[in-house]
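The values are calculated or read from the model by the stated rules, or taken from the named source; none is laboratory data. A quick note: this is a predicted structure, and the numbers were derived from the prediction, not measured. So basically every Cβ, Gly included, is an ideal-geometry build from the backbone, and we count neighbours across all protein chains shown.
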Amino acid sequence: MATDPIRAALYGRLNHSSVVGSGLATGIFHKRAPATAAFPYVVFHKQDGRPMWSMADFMQWDLWTVKAVDRSPSAATAETIAAALKARLFDATLTITGSEHLYLRWTEDVDYPEDDGGELIHHVGAVWRLVSDPT
């Protein structure tokens, strides 16, 4: 199965030394990390996608959630990774096969804990508006 070009472009932007190679995150996963993944890591997924019509043509308006996930009593590491993700993505220009990238903007924060048998798993990141023009 072919990888979605927008997903591939986002992964390419996220898979950078400022996030992964710096020792901040151990990996980047689409939708869900495998059960064996070491913390902390990054998860990203498409939350919404719709056409924005203008006359007889449209632009693609997508929402993508990008977040750091860490098992820890403190959210500090997840917050540090989330800050690196914001710096890496805000107003970044993506190369999307078959589309012209128009903009990538942070629209809202994501920040919630999850209890896993008495241990906290922190999810910290943002929802991003990605607008592209299919060519």
Notebook entry, point to check: Within the set of pairs 6 or more residues apart or between chains, which connect a residue that is surrounded by fewer than 14 Cβ atoms within 10 Å (Cβ to Cβ) and assigned to a strand (DSSP E or B) inside the stretch 109-135 to a residue that is at pLDDT 95 or above and among the basic types (Lys, Arg) with Cβ atoms less than 6 Å apart?
Noted result: GLU119/ARG71
Note to self: Looking only at the stretch 1-51, count every residue that is touching a strand residue (DSSP E or B) at 6+ places or on another chain (Cβ under 9 Å), assigned to a loop (DSSP other than H, G, I, E, B) and under 18 Å from ALA84 (Cα atoms) and tell me the total.
What the structure shows: 7
Checklist line | Condition met for GLN47 (more than 18 Å from GLY125 (Cβ to Cβ) and not hydrophobic (A, V, I, L, M, F, W, C)) | finding: no
Checklist line | Qualifying residue in the stretch 67-77 (condition: farther than 24 Å from THR3 by Cα, in a strand (DSSP E or B), out of contact with any Leu (no Cβ under 7 Å at 6 or more places or on another chain) and acidic (Asp, Glu)) | finding: yes
Checklist line | Subset of the stretch 49-66 (residues that are among the charged types (D, E, K, R) and within 19 Å of ALA8 (Cβ to Cβ)) | finding: ASP62
Next item on the list: Would you mind finding the one in PHE58, PHE90 that is out of contact with any Asp or Glu (no Cβ under 8 Å at 6 or more places or on another chain), of a type in the set (Phe, Trp, Tyr) and in contact (Cβ under 8 Å) with a residue 24 or more places away in the chain?
Entry: PHE58
Checklist line | Criterion violated by LEU85 - all others in (1) of a type outside the set (Phe, Trp, Tyr); (2) in contact with a His (Cβ under 7 Å, 6 or more places away or on another chain); (3) surrounded by 12 or more Cβ atoms within 10 Å (Cβ to Cβ) satisfied | finding: (2)
